[in-house]
1. Checking the conditions here, which among A:163, A:62 is among the basic types (Lys, Arg) and surrounded by fewer than 17 Cβ atoms within 10 Å (Cβ to Cβ)?
2. So which residues in the range B:1-33 are open to solvent by 70 Å² or more (accessible area, probe 1.4 Å), assigned to a loop (DSSP other than H, G, I, E, B) and closer than 22 Å to residue B:137 by Cβ?
3. How many residues does the range B:102-142 contain that are touching a residue at least 60 places away in the same chain (Cβ under 8 Å), touching a helix residue (DSSP H, G or I) at 6+ places or on another chain (Cβ under 8 Å), part of a helix (DSSP H, G or I) and open to solvent by 10 Å² or more (accessible area, probe 1.4 Å)?
4. All but one of (1) more than 9 Å from chain B (Cβ to nearest Cβ); (2) in contact with a Phe, Trp or Tyr (Cβ under 6 Å, 6 or more places away or on another chain) hold for residue A:240, so report the exception by its number.
5. What number of residues within the range B:193-230 satisfy the criterion of being charged (D, E, K, R), closer than 20 Å to residue B:100 by Cα and open to solvent by 60 Å² or more (accessible area, probe 1.4 Å)?
6. Would you tally the residues in the range A:243-254 being under 23 Å from residue B:97 (Cβ atoms) and at the interface with chain B (Cβ under 9 Å from one of its Cβ atoms)?
7. Need the failing condition index for residue A:91 against (1) surrounded by 16 or more Cβ atoms within 10 Å (Cβ to Cβ); (2) within 17 Å of the chain's Cα centre (by Cα), just the number.
8. May I ask you to list pairs of residues, at least six apart or on different chains, whose Cβ atoms are under 7 Å apart, with the first in the range A:245-257 being crowded, with 22+ Cβ neighbours inside 10 Å and the second being among the small types (Gly, Ala, Ser) and assigned to a helix (DSSP H, G or I)?
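The values are calculated or read from the model by the stated rules, or taken from the named source; none is laboratory data. Everything quoted here is computed from the prediction, not taken from an experiment. All Cβ positions, glycine included, derive from the backbone under ideal geometry; neighbour counts span all protein chains shown. Each accessible area value is taken on the protein alone, full model and side chains, heavy atoms only, with ligands, DNA and RNA left out. Shrake-Rupley method; radii C 1.70, N 1.55, O 1.52, S 1.80 Å.
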Number of protein chains: 2
Amino acid sequence: MTGPKIRLHVEQPLAAGQAIALSEAQANYLFAVMRLGPGAAVHLFNGRDGEWQAEVAEAGKRRGILVCRAQTAPQGAPPDVWLVFVPVRKDRTAFMVEKAVELGAARLVPVSTRRMNAERMRIDKHQAHATEAAEQCEATWVPEVAALQPLERLLTGWDPARRLYWADEDLARHAAGGDPAAPAAAGARAGAPVSPPARGERAAILIGPEGGFTTEERALLRGLPFVSPLSLGPRILRAETAALAALTLWQASAGDWR
Amino acid sequence: MTGPKIRLHVEQPLAAGQAIALSEAQANYLFAVMRLGPGAAVHLFNGRDGEWQAEVAEAGKRRGILVCRAQTAPQGAPPDVWLVFVPVRKDRTAFMVEKAVELGAARLVPVSTRRMNAERMRIDKHQAHATEAAEQCEATWVPEVAALQPLERLLTGWDPARRLYWADEDLARHAAGGDPAAPAAAGARAGAPVSPPARGERAAILIGPEGGFTTEERALLRGLPFVSPLSLGPRILRAETAALAALTLWQASAGDWR
């Protein structure tokens, strides 16, 4: 058997015969970590030109050159679903980013809310995680990680044609029936007509912070016509679990999993 | 607002007035980490008697006593779905265990296969992760983490009434269409009638090792009447992502998420 397929995201244009000069980090990865030598095959993508098989032409310690041989996959695009999330602890946010890319989110939108339990968000780090995940899952694109912004500001400028699915943990408490303080609002919402995700719709998934949304934030969300509740069962899911489960359900009913 | 609900899994019976002597680790958690004092409320469950609110009666450095006051939730049970998985890197296996509990797996069954890329499996550690996840997600049970066993042995003794969903990554390669070497078998299988998960069925999800199943293992699986393929979209998912996505889809169509 052959070894695992090595894929690298690059910025340069990809075309037959095109030479690609590697960055120091890329050269280190291919030649020191993966121990490739001249003639070895690497697959490249840049988010525009599909996937190409390239060959190592020069392998140095801190530099190297690949030459594109043949296109191996056409350029794809993820379904138009965003993940809007509140950064949680660093490793769990990294995990959420990685998984969202694998599951097929088009854009990752971190937001701040009143109850936010995280260090300063390192967009560059998370963009790097997204790139690694795209390399690994054989996507031909890398979703953008947007700059952190307040949830209210994001909602103010929201395109109402993009449905925002809100995985509201009060629905879980209500479904479990274990919490006598489960707000009447959950019941009211459960009674509202909810149409399932529709194939081809523009959508986003909203995942709250670890401490939950405040009463004011909940009232704001409940009043918005483009917000639809999404139930993720009777257990209380951590933020990153809820994000993955919601993306899975959306992909299976409206995205590219069918 | 009140602080987060503190939940603890205990072994002792739970009933009104029942006193619960804490282990050293439990006392440390409640009194040193969470800084609770006498009179504070803690929620307890043991997998048999539902969830109880208890009160701290004595708080010591290495010991303590709680007294059960009132039942706050009836005893629940997870839907009868198992996760059969090949241990991957330690942190990713821990993550898979934690998420499987939150999503609602009844039993976690680690198996060994030819291509297995993991250290020795620490069942006790993973059982502890499962317990913590149950405490956190407000389940009233803790799934058992079974002992590691060879996949072939597990399949030999398999109850044919339990459907085994196999998230076969060849289906992803086939769906993506990017791999000209996608085996004909995937096409054949895609053409086979596949009934969706049915409410109330006994089921299990099978997730392969990072390097994939061998040709022999694939042939074995394909020949078993209780094995059903499960498609998780066109991207190549890591083992833990596939586990979570498959459990999510099963819960939404056959489990307790409806």
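1. Values: A:163 fails: surrounded by fewer than 17 Cβ atoms within 10 Å (Cβ to Cβ).
Checking each option against the conditions leaves just A:62.
2. Those that are open to solvent by 70 Å² or more (accessible area, probe 1.4 Å), assigned to a loop (DSSP other than H, G, I, E, B) and closer than 22 Å to residue B:137 by Cβ: B:1, B:2, B:4, B:5, B:11.
3. 1
4. Result: residue A:240 fails condition (1) only.
5. 3
6. Adding up the residues that qualify gives 6.
7. (1)
8. A:247/A:100; A:248/B:245; A:249/B:252
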